[in-house]
Amino acid sequence: MEIRWLEDFMALARTRHFSRAAELQHVSQPTFSRRIKLLEEAMGATLINRQTLPLSLTPAGEVFVDLCERVTRDVRETKDRIHDMEAEASARISVGSTQGLFSHFYQGWAQRAGVAERLQLNLKATNWVGEQFLDALDNGDCDLVLCYWHQDLPWGERLTRERYESITLARESLVPVSVADEGGQPRFGLPGSTEQPVPLIAYHPRGFLQSAIEAHLSRKKVSANLLPLNENTQSASIKALVKQGFGMGWLPQRMTEKSEQFGSLARAGGEQWDVALEIRLIRLHEPRSDDLLTLWKTLESQDA
């Protein structure tokens, strides 16, 4: 049974005339009559008394027309609500965020900044790596990118004022951590040695963080002796492996809270091994909408 059949029946109930009802429904009379017949077959009852002039509804038809009015009203109101929801969603500004920042920064920041209701997270971003976030801005897959940033990104020169604008929202540090032993000391600690390198759960080389770690280590007078065991795009995956005791890893400081499941995390090295980062919000230099520009100015004023 189709909604238009219900609308046909309501038109017939109003006009009590097949030709006029067919005209109202913008179909030929034979087509209209066939649809009314199909409706009666679907309901298993005669709904129209065709022996009277004008036509009249049978008792079953009287009951059925009330149902038609309720159903079509509910469908119409639901369509209106969906349309409003779609319009509201399309008016929101799309954000691509790394998974770690979405889990441990985005929601709190958006609430504090008073912009949560104006933003819509693009869930496809959880599959993006590194430079793909800027590609998404270029392609229109998102309006804003929330990501970690540092001066040693291999493609950092792409972030120019000619193409992109950015705001630094916060500072962050990558902290070396290991699961703690019974005495609360790290099971794996920096710097390690040539004979006993420290097992490392590393980041994906194309991501935002591995290049920051490598550049920071290259500037240290004391070399870190590391044995990479694994590469991950997500900080949460590194944290899980570190907590299970497979090796040490660098985690954003916001993620280093204690956990009872695998034991507490402990620092795997002093603060000299911490890697400084920025948390940035990035957009195209030429915004795609006035709403985006208005929101950006709001955030810039907060940052100032």
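Derivation of every value follows stated rules applied to the coordinates shown; laboratory data play no part. Note that the coordinates shown come from a computational prediction; the quantities given were computed from them, not determined experimentally. When we count neighbours, we look across all protein chains shown, and the Cβ atoms used for this are built from the backbone with ideal geometry, even at glycine.
So what's the angle, to the nearest 10 degrees on a 0 to 90 scale, between helix 59-91 and the longest Cα principal axis of the chain?
30 degrees
Go ahead and estimate [θ] at 222 nm for the chain from helices alone: -39,500 (n - 2.57) per DSSP H run with n ≥ 4, summed, over the residue count, rounded to 500.
Here the helix-only value at 222 nm equals -12000 deg cm²/dmol.
How do the peptides 38-44, 71-77 rank, highest first, by the average count of neighbouring beta carbon atoms within 10 Å per residue?
38-44, 71-77
Counting other Cβ atoms within 10 Å, which GluC sites (Glu not before Pro) in the range 101-171 have at most 14 and lie in a DSSP loop?
Loop-located and lightly packed - 162.
Explain nothing, just the number: dipole magnitude of the chain about its Cα centre with +1 on each Lys and Arg Cβ and -1 on each Asp and Glu Cβ, in debye rounded to the nearest 20.
Using only the charged Cβ atoms, the result is roughly 320 debye.
Counting other C-beta atoms within 10 Å, and keeping those with at most 14, which DSSP coil trypsin sites (Lys or Arg not before Pro) do you find in the range 120-172?
Here the sparse-neighbourhood loop sites are 161, 163.
Taking amide hydrogens as modeled 1.01 Å from N in the peptide plane, which residues meet the under 5 Å criterion relative to residue 119, leaving out close sequence neighbours?
For residue 119, whose amide H was placed from the backbone, the distant partners under 5 Å are 93.
Chymotrypsin sites (Phe, Trp or Tyr not before Pro) within the range 99-205: which are DSSP loop residues with at most 16 other Cβ atoms inside 10 Å?
When the chymotrypsin sites (Phe, Trp or Tyr not before Pro) of the range 99-205 are filtered for loop state and at most 16 Cβ neighbours within 10 Å, 155 remain.
Please tell me which of these pairs span more than 29 angstrom C-alpha to C-alpha: 239/297; 124/221; 79/297; 79/124?
239/297; 124/221; 79/297
What are the residues whose amide H is under 5 Å from the amide H of residue 48, where those residues sit 5 or more places off or on another chain and H is modelled from the backbone?
It is 58, by chain and number.
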